Amino acid sequence: MAKFLKLRLGVSDDPTALQPSLSDCMEAVVLHSEPLMAEVLKGLEAAVLQNGPRRSAALQSPPIRSAVLALLERLPEVTSQFRVELSREIYHSGGKDDNNGEVLRFEDLKLFEDADLDQSIEVARAQQEVSLAVDDVLPGLDSLISTLLGWRTIQPGLNPLRPEVFVRALQSCLALKVTDAPVRESLITPAAGLLGIQLQKIYREIIDWLKSSGVEPAVPLGGKVNKGHAGTSVVSDTMAKTLLTLDKLRKLLSGDFDQQAPKRDFLHTVPASMVALQDLKQVDVLVKRLEQRAKQEPAPVVESVAAPAQSLQSDEPPRMGHQLGAEVVRLMFDNLDHDARLLQPLKRQLRAMEPAVLRLAREDSRFFSDRTHSGRQLLDVIAQRSLAFPSESHEGWRRFMDSVDDAVHWLSGKVVDADVVGELIDHLQAEWDRQDKNVHARNAEAARALAHAEQRNLLAQKLAGDFEQVMEGLEIADFVRDFLRGSWSQVVADARLSSPDGSDDPFGYRALVDDLIWSVQKTTARRGRSKRLAQMIPGLLAKLREGLERISYPPELSSRVFDGLGALHHAALQEGRDEDARAAAQAAADAAEAAPSQFSDSGQEDVEPWLAGREAEDSGYVGGDSVMPEDLGAVEPQPEAVPLAAGAELRTGTWVELMVNGQWLRVQLTWASPHATLFMFTSPAGTAHSMSRRTLDRLRGQGLIRVVADRHVVDEALDEVAKAALRNSLSDKS
């Protein structure tokens, strides 16, 4: 298959003849999906043969052997199905950095059935096998594919040929062709290992093909390519023990070791603790702690009639529920302590809050299952606000930390319960609102201005289409068409939106369009034309200037229009004059008509949205050129932030690093227009930076906008450790 692939990809041909596109790469891989699956099935066949050199003891059971032989008997059908699944993944979801790769999320765990969790583990186990096989070549492929996608920096999550795409296709294919779940679970790991071996060959040949064709690799984020960046993990001795540990925890938390003990406190904490513990990276460390305590601590006094008879059996379980809850909280703080986005002084203060949070979790198990619990909310609001400050020297940091210090003293000086913490959150929010009062007022005014601008631009686009229909088939100079579709459509739209009585043309600006078109037509009847023009032109021009001034349209943008109109009208008024005067006037008119159009064939949609001077000033509007550094190569990478994926939508509240005037700024998306054509970011100091979608996409494509956090820090930390816990649970169940 490898030789065939090389011939197909053309590595041996002239490398400069035709540079391949991303579509070419995807097509080549799909073309070889059937031989790829055939190789996987042949490898499975060799593993199930009793006397074969590649015999695998784990695959010798009759059901597994029968399943593999059945797949081989239907080889064309199975390989064809794999091609269908792979095509779907590559073309419909492979290029999106969606949640398909995220097998688990903390908040979703409580909704999972056993089958869902088993499937997640099944896919993750396969992902690990493939990742280990391709880990050495995947960074090189990611860098080249990112270039084909138009990115300057490596975007592993956008690679439509990334390993998880093949894993999902394999899992989907086996799910359809092997209906016995235990057998499928036994086959998925060895099949993924075989898939990884073949995929490594394909990756190497694609890399050779692209490099030999002159494709330059994208710049690594942070200036260094790290193996394993695509979610791979190295299996250690600790991880090898993890599954047994997780099984022991699940049995413990389900009450298997607590049948003879009072369950009031334990059951109060178990459901939420079980969910959280399944998500914690240090879960094996927790088991060791619990085992040590079980040996060292004395047996609790069980106030029960049956206590004497049960004393030998109730050594530790009565306290296990609270111990587990306490460990969950401690491990959560450990993960926050390792978050690089949180500054060290804040981490120390969060640690100081840990005892109070421990008491909250002990008293109310909803802390684990309800993300709106006041204890969780306290951590959330503090951590989220801290993201405004990239360093301790940043303006406002000291004032923020003073409020956090006050919160720590508040918690240490009171009997802590949910109501007390709720009062503390209200106190913090009130203090921060007082600090941000002026900022909120400015942002609200800027948002109103931007909302009006979006409405006006959208209505102007519609009016521009109407004006184009009116001009269809008429001989009209391009600059006049541009003026009506651009500047004047804004004037008419603004007048209509601001009409006090709701009329469509309160100032007669729409009616003026017909007069303007008549005044510049070449085919208009000549009889009486000059006399009518002489009467019309002064009022026409005055009305045009009035409308443009009303929306504060920049004179430099409309001066060309008035110069051109003056030339056309002057030529039309030369009827009856001497030949030389008419010739000179006509030459000036011809020159005005020959000026190039500012619009593309697709119309106004390709033009940057226009904002009036006050609108742009109030919202800190930045054009596409002002946000681009003069030297892209000199931009210092921000390794803690993640470039925004193409097609991904920013949510209000998202913190980003934004390149403005060649400098990185920490800003938050505080407003997006209803139709997502305008966006406003605000710095911690309250400075607004608004931009159009076109500018945002340009920044996105150049890697000059990077997400710091688009979700709550506590939620993100739990999601990450959930995925780590899943990877740690990939060995066979005991």
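For Val415, the criteria (1) crowded, with 22+ Cβ neighbours inside 10 Å; (2) outside the structural domain of Val561 (by TED's automatic domain parsing); (3) among the β-branched types (Val, Ile, Thr) hold in every case but one, which is (1). Among the residues of region 378-409, the one identified as buried (at least 19 other Cβ atoms within 10 Å of the Cβ) and of a type in the set (S, T, N, Q) is Ser386. Leu71 fulfils the conditions (1) more than 43 Å from the chain's Cα centre (by Cα); (2) assigned to a helix (DSSP H, G or I) except for a single criterion, (1).
Across region 476-517, the number of residues qualifying as surrounded by fewer than 15 Cβ atoms within 10 Å (Cβ to Cβ) and in contact with a Ser or Thr (Cβ under 9 Å, 6 or more places away or on another chain) comes to 2.
For region 526-567, taking the residues that are modelled with pLDDT under 80 and under 21 Å from Leu512 (Cβ atoms), the one that is surrounded by the most Cβ atoms within 10 Å (Cβ to Cβ) is identified as Ser558.
Report yes if Leu86 is surrounded by fewer than 16 Cβ atoms within 10 Å (Cβ to Cβ), under 25 Å from Val40 (Cβ atoms) and modelled with pLDDT of 75 or more, otherwise no.
Working: surrounded by fewer than 16 Cβ atoms within 10 Å (Cβ to Cβ): no; under 25 Å from Val40 (Cβ atoms): yes; modelled with pLDDT of 75 or more: yes.
Answer is no for this residue.
Is region 514-524 home to any residue that is touching a Lys or Arg at 6+ places or on another chain (Cβ under 8 Å) and outside any loop (DSSP other than H, G, I, E, B)? Taking every residue of region 514-524 in turn, none turns out to be touching a Lys or Arg at 6+ places or on another chain (Cβ under 8 Å) and outside any loop (DSSP other than H, G, I, E, B).
Any residue at all in region 538-549 that's in a loop (DSSP other than H, G, I, E, B) and farther than 25 Å from Ala591 by Cβ? Give the derivation first.
The initial filter retains those residues of region 538-549 that are in a loop (DSSP other than H, G, I, E, B), namely none.
No, because not a single residue in region 538-549 is in a loop (DSSP other than H, G, I, E, B) and farther than 25 Å from Ala591 by Cβ.
Among the residues of region 631-650, not a single one is out of contact with any strand residue (DSSP E or B) (no Cβ under 6 Å at 6 or more places or on another chain) and either buried (at least 20 other Cβ atoms within 10 Å of the Cβ) or modelled with pLDDT of 85 or more (or both). Applying a threshold of 9 Å to beta carbon distances and a minimum spacing of six or more residues, or different chains, the list of pairs starting in region 558-575 at a residue that is in the same structural domain as Met536 (by TED's automatic domain parsing) and ending at one that is assigned to a loop (DSSP other than H, G, I, E, B) and β-branched (Val, Ile, Thr) reads Ala572/Thr524.
Taken over region 432-453, the residue count meeting the criterion of being out of contact with any helix residue (DSSP H, G or I) (no Cβ under 8 Å at 6 or more places or on another chain), surrounded by fewer than 19 Cβ atoms within 10 Å (Cβ to Cβ) and of a type outside the set (Gly, Ala, Ser) is 6. Just one of the numbered conditions (1) in contact with a Gly (Cβ under 9 Å, 6 or more places away or on another chain); (2) farther than 23 Å from Glu657 by Cβ; (3) part of a loop (DSSP other than H, G, I, E, B) is not true of Arg371: (1).
Anything in region 417-440 that is closer than 23 Å to Arg366 by Cα and touching a Gly at 6+ places or on another chain (Cβ under 9 Å)? List them, or say none. Matches in region 417-440: Ala418, Val421.
For region 654-697, give me the residue count where each residue is aliphatic (A, V, I, L, M) and not in a strand (DSSP E or B).
First, pick out the residues of region 654-697 that are aliphatic (A, V, I, L, M): 656, 658-660, 665, 667, 669, 672, 676, 678, 680, 685, 688, 691, 696.
If we keep only those that are not in a strand (DSSP E or B) too, we end up with 676, 685, 696.
So the answer is 3.
The values are calculated or read from the model by the stated rules, or taken from the named source; none is laboratory data. Not measured: the values here are computed from a predicted model. Ideal geometry is used to build each Cβ from the backbone, glycine not excepted, and the neighbour counts take in all protein chains shown.
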